[in-house]
Amino acid sequence: MVKLRLFPQETAGLQALAHMSEQILAGTHTLAEMLGAGRNDFSELAESLRQHEAASTADFATLLTGMRTSFVNPLPREDLYALGQLLNETSEILSGAGEIIELYTLDRNPNRVSDQLEILSRQSELTIGAMKSLNDLDSLEDYWLEVLRLAKRADHTHRVVVAELLDAHSPTTFAKYKALTDQFAAGSRQMRAIATQVGSIIVKES
């Protein structure tokens, strides 16, 4: 039986969420470029991250407008808002990571920092699929569990990175790199929060 709340014509909100998740993935790709780039390229790449963030914010505004003007939404308004807010904040975190790289001229990043970004990128890929499947909640349980598993891996990687940085660098250099690794860790925790929100929706709507 198809639930009455699912109306094909009311998809603008879901499309906005999908676009926002795509901006996050694009942001992880830009950050990967920054980790391998020279400092002369940092400014241009950091600007690209700000553009991803701006696009995400525009999609969030579209979501809010749709929620206000639609009588029937594919999911409860509070859930759509929570997902949009979390996604938009994730883009802000990624943009902040780019600013840290640029401002501190971090052009010799440890390999494990790249590992953190790889995990975050994988979480982003999974989240795109989830945002495009919110009208089929039964298919999302595996996404929820996999992102939580990746979040635990990200937490472990973050702790290892911090320990290695502490052993290898002076206090000043340590503080600079720790700011970056903390930012990536925050991004992974944010993706876990998105998955947890999806899990809450699954439970409520089952």
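Return yes when SER114 is open to solvent by 30 Å² or more (accessible area, probe 1.4 Å) and over 17 Å from the mean Cα position of the chain (by Cα) and no when it is not. No, not satisfied.
Take LEU80 and tell me if it is within 18 Å of ALA186 (Cβ to Cβ) and either in a helix (DSSP H, G or I) or in contact with a Leu (Cβ under 8 Å, 6 or more places away or on another chain) (or both). When the stated conditions are applied, LEU80 does not pass them.
Taken as a whole, the condition of being touching a Phe, Trp or Tyr at 6+ places or on another chain (Cβ under 9 Å), open to solvent by 60 Å² or more (accessible area, probe 1.4 Å), modelled with pLDDT of 90 or more and not small (Gly, Ala, Ser) does not apply to GLN51. Among the residues making up the stretch 6-35, a single one is without any contact (Cβ under 8 Å) to a residue 40 or more places away in the chain, under 21 Å from ALA186 (Cα atoms) and open to solvent by 40 Å² or more (accessible area, probe 1.4 Å): GLU33. For first residues located in the stretch 106-119 and over 10 Å from PHE184 (Cβ atoms), partners that are open to solvent by 100 Å² or more (accessible area, probe 1.4 Å) and at pLDDT 90 or above and lie 6+ apart or on another chain with Cβ distances below 6 Å form the pairs ASP107/ARG39.
Within the stretch 54-79, the set of residues being of a type in the set (S, T, N, Q) and open to solvent by 80 Å² or more (accessible area, probe 1.4 Å) comprises THR69 only.
Which residues, taken from the stretch 175-199, are within 22 Å of LEU31 (Cβ to Cβ) and open to solvent by 40 Å² or more (accessible area, probe 1.4 Å)? Scanning the stretch 175-199 gives ALA175, LYS176, LYS178, ASP182, GLN183, ARG189, ARG192.
So in the stretch 133-146, with the set limited to residues that are within 19 Å of the chain's Cα centre (by Cα) and of a type outside the set (D, E, K, R), which one is surrounded by the fewest Cβ atoms within 10 Å (Cβ to Cβ)?
Our first condition is that a residue be within 19 Å of the chain's Cα centre (by Cα); within the stretch 133-146, this holds for 133-134, 140-146.
Narrowing further to those that are of a type outside the set (D, E, K, R): 133-134, 140, 143-145.
On the way: SER133: 16, LEU134: 23, LEU140: 20, TYR143: 21, TRP144: 22, LEU145: 12.
It comes out as LEU145.
Of the residues ALA154, ALA130, the single one that is open to solvent by less than 20 Å² (accessible area, probe 1.4 Å), farther than 23 Å from GLY36 by Cα, in a helix (DSSP H, G or I) and of a type in the set (Gly, Ala, Ser) is ALA130. Scanning the stretch 103-120 for residues being over 11 Å from LEU31 (Cβ atoms) and part of a helix (DSSP H, G or I) gives a total of 5. Is there a residue being among the acidic types (Asp, Glu), within 19 Å of the chain's Cα centre (by Cα) and under 30 Å from ALA12 (Cα atoms) anywhere in the stretch 147-156? Scanning the stretch 147-156, I find no residue that is among the acidic types (Asp, Glu), within 19 Å of the chain's Cα centre (by Cα) and under 30 Å from ALA12 (Cα atoms), so the answer is no.
Here the condition is being of a type outside the set (D, E, K, R), surrounded by fewer than 20 Cβ atoms within 10 Å (Cβ to Cβ) and touching a residue at least 40 places away in the same chain (Cβ under 8 Å); of ILE93, ILE202, ILE101, it holds for ILE202 alone.
The values are calculated or read from the model by the stated rules, or taken from the named source; none is laboratory data. As the structure is a computational prediction, the values presented were derived from the model and not from experiment. Neighbour counts are summed over all protein chains in view; Cβ atoms, including those assigned to glycine, are modelled from backbone coordinates with ideal geometry. SASA here: full protein model, heavy atoms, side chains in, ligands and nucleic acids out. Shrake-Rupley method; radii C 1.70, N 1.55, O 1.52, S 1.80 Å.
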